[in-house]
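Notes for the one structure printed next.
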Amino acid sequence: MKSWTEKFNAPARVAIKPAPVSIAGMRAGEVMLVPFWRVLDKAPPTTKRLTFGAAFVHENRREEGLPE
């Protein structure tokens, strides 16, 4: 089994998949995209790897009133 680091570093195609069943206000077949700055903050190593940097994440979180 691959580690999370190996999975993260492996080249992969991004696939947006529809919800398979109706859940949490989404109907089966719908696609929900969440702005990534809502799930990342400036601390995780993932944020540091973004091409536009942690400042972009910080600014968008600040504008939406999200905690640091």
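The values are calculated or read from the model by the stated rules, or taken from the named source; none is laboratory data. Being a predicted model, the structure only gives us computed values, none of them experimental. Ideal geometry is used to build each Cβ from the backbone, glycine not excepted, and the neighbour counts take in all protein chains shown.
Those residues that are more than 28 Å from Glu64 (Cβ to Cβ) and over 18 Å from the mean Cα position of the chain (by Cα), I need them from the stretch 10-23; list them, please.
The answer is Pro20, Val21.
Answer yes or no: is there a residue in the stretch 24-42 that is in a loop (DSSP other than H, G, I, E, B), more than 21 Å from Phe8 (Cα to Cα) and within 14 Å of the chain's Cα centre (by Cα).
Checked the stretch 24-42: at least one residue is in a loop (DSSP other than H, G, I, E, B), more than 21 Å from Phe8 (Cα to Cα) and within 14 Å of the chain's Cα centre (by Cα).
Among the residues of the stretch 1-23, write down those that are assigned to a loop (DSSP other than H, G, I, E, B) and of a type in the set (A, V, I, L, M, F, W, C).
Those that are assigned to a loop (DSSP other than H, G, I, E, B) and of a type in the set (A, V, I, L, M, F, W, C): Met1, Ala10, Ala12, Val14, Ala15, Ile16, Ala19, Val21.
Provide a single number: the residues in the stretch 50-66 that are assigned to a loop (DSSP other than H, G, I, E, B) and either hydrophobic (A, V, I, L, M, F, W, C) or modelled with pLDDT of 85 or more (or both).
5
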